[in-house]
Amino acid sequence: MAADKAKTQQYARVLSEALPYIQRFKGKTIVIKYGGNAMTDDALKESFARDIVLLKAVGINPVVVHGGGPQIGQLLEKLNIPSRFIDGMRVTDTETMDVVEMVLGGLVNKDIVNLINQVGGRAVGLTGKDGQFIRAKQMKIRSDSPDLKASEIIDIGHVGEVVSINPDVISMLMQGDFIPVIAPIGVGQKGESYNINADLVAGKIAEVMQAEKLILLTNIAGLTDKSGQLMTGLKAKEVSALIKDGTIYGGMLPKVTCALEAVEQGVVSAHIIDGRVPHATLLEIFSDDGVGTLITNKTVN
């Protein structure tokens, strides 16, 4: 009986702690990039879906943008289509792009939609080609060539960067009480498809929607200092300094740059959080401690 009472009191404390955050963020838009372990572990997938439905239930407008690199790689391998990467970017010829569209816009997107709907949500899946709401152009990679003593432009195929985003499709879905689930595929001037980094798409959507938060789920605890301690409550200028002094480097740079650009363009805060933690999204939004790194241009409360 005592154990039951303690558990009940713990529930009450959790709800009480969450209340001011629920009140503060009601009616706000939160863009969440979904990927990593949270996207492949069955228990984490269910906890993520429940988090998204709860956000919607308390009056917050979640927008989900997802990746799917491992799933794309697995299908390419089954089809005996070789994968090649340049500077971390998958070289995407027409044949590979067909697989990317099949996996991102079909298999992965519909799986996420189904997960959310199965726990009581009303999710709708789409790609940037729907309503042409993500306009894109081909990304060019520059590579320094010592032999030529000049930069060389490398063509990596149907890999794109965002030109513009029309928020009307997302706004319409949110007004209809739906949860948008977006595959990061853009459309070019001639109707060609482009595979775009999901972090980049999430950041640009957050900017255009003037979102309250951009949340990037990762497979690490967040940003750490040179001694390995988790950093949070960072101002944008502090993050820039950490990049400059080499504290933030390598594979985290694109993700951090995306978060930094979002807050500099009007998003209130960006969060790089540990997607390996069950209910990480709720813990970051509704608890005092959070589970990752917060970056903002505003005074941290």
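The values are calculated or read from the model by the stated rules, or taken from the named source; none is laboratory data. All values derive from a computational prediction rather than experimental measurement. Heads up, the Cβs are rebuilt from the backbone with ideal geometry, glycines too, and the neighbour counts pull from every protein chain shown. The area values use the complete protein model at the heavy-atom level, side chains included, leaving out ligands, DNA and RNA. Shrake-Rupley method; radii C 1.70, N 1.55, O 1.52, S 1.80 Å.
When you take every Cα atom in segment 29-98, what is the radius of gyration, and what is Dmax, the widest Cα pair distance, in Å?
Answer for segment 29-98, Rg first and Dmax second: 15.8, 46 Å.
How big is the Kirkwood radius of segment 1-118, worked out from every pair of different alpha carbons and given in Å to one decimal?
Numbers: mean 1/r = 0.0584 Å⁻¹.
One over the average 1/r among Cα pairs gives 17.1 Å for segment 1-118.
For segment 1-69, divide the Cα radius of gyration by the Kirkwood radius and give the resulting Rg/Rh value with two decimals. It would help to have the intermediate numbers written out before the result.
Working: Rg = 15.3 Å, Rh = 14.0 Å.
With Rg and the Kirkwood Rh in hand, the quotient comes to 1.09.
Hey, if we sort VAL14, VAL124 by accessible area with the 1.4 Å probe, largest down, what's the order? Display every interim value, and only then the final one.
Working: VAL14 85, VAL124 45 Å².
Correct descending sequence by accessible area is VAL14, VAL124.
What angle do you read, to the nearest 10 degrees and between 0 and 90, between the alpha-carbon axis of helix 252-264 and the longest principal axis of the chain?
Helix 252-264 sits at roughly 70 degrees to that axis.
So what's the back-of-envelope 222 nm ellipticity for the chain, counting only DSSP H runs of four-plus at -39500 (n - 2.57) apiece and dividing by all residues, rounded to 500? Mind showing how you got there, number by number?
On the way: 10 runs with 115 residues, N = 301.
Roughly -11500 deg cm²/dmol at 222 nm, from the helical runs in the chain.
Accessible area of the chain with a 1.4 Å probe: how many percent of it is carbon plus sulfur? Present the calculation step by step, with values, prior to reporting the outcome.
Values: 7720 of 15070 Å².
In the chain, the share of accessible area belonging to carbon and sulfur is 51 percent.
When the chain is treated as a GNM, springs tying every alpha-carbon pair under 10 Å, which of PHE133, PHE178, PHE85 comes out with the largest mean-square fluctuation?
PHE85
With every protein chain present, what accessible area does ARG24 have (1.4 Å probe, heavy atoms only), rounded to the nearest 10 Å²?
So the heavy atoms of ARG24 present about 110 Å² to solvent.
Tell me the volume per residue, in Å³, of the convex hull enclosing the alpha carbons of segment 207-258. Walk me through the intermediate numbers first.
Values: hull volume 5.2 nm³, N = 52.
Hull volume normalised by residue count: 99 Å³.
Enter the accessible area per residue of the chain (Å², integer; probe 1.4 Å; all protein chains in place). Mind showing how you got there, number by number?
Values: 15070 Å² over 301 residues.
It amounts to 50 Å² per residue over the chain.
If R₀ is 45 angstrom, what is the calculated FRET efficiency for the pair LYS244 and THR8, using the beta carbon separation as r and rounding to 0.05?
Numbers: r = 50 Å, r/R0 = 1.11.
In this case the efficiency is close to 0.35.
Grab the alpha carbons of segment 150-301, take their convex hull, and tell me the volume per residue in Å³. Walk me through the numbers before you get to the answer.
Working: hull volume 23.2 nm³, N = 152.
In segment 150-301, the Cα hull volume divided by residue count equals 152 Å³.
So what are the radius of gyration and Dmax for the Cα set of segment 216-289, in Å?
Spelled out, the Cα radius of gyration and Dmax of segment 216-289 are 12.2, 33 Å.
Could you state the angle between the C-alpha long axis of helix 42-57 and the longest principal axis of the C-alpha atoms of the chain, as a value from 0 to 90 degrees rounded to the nearest 10?
Orientation of helix 42-57: about 70 degrees from the principal axis.
Once you treat every alpha carbon in the chain as an equal point and sum by Debye, what is log10 I(q)/I(0) at q = 0.11, 0.12 Å⁻¹?
These q points yield log10 I(q)/I(0) values of -0.68, -0.80.
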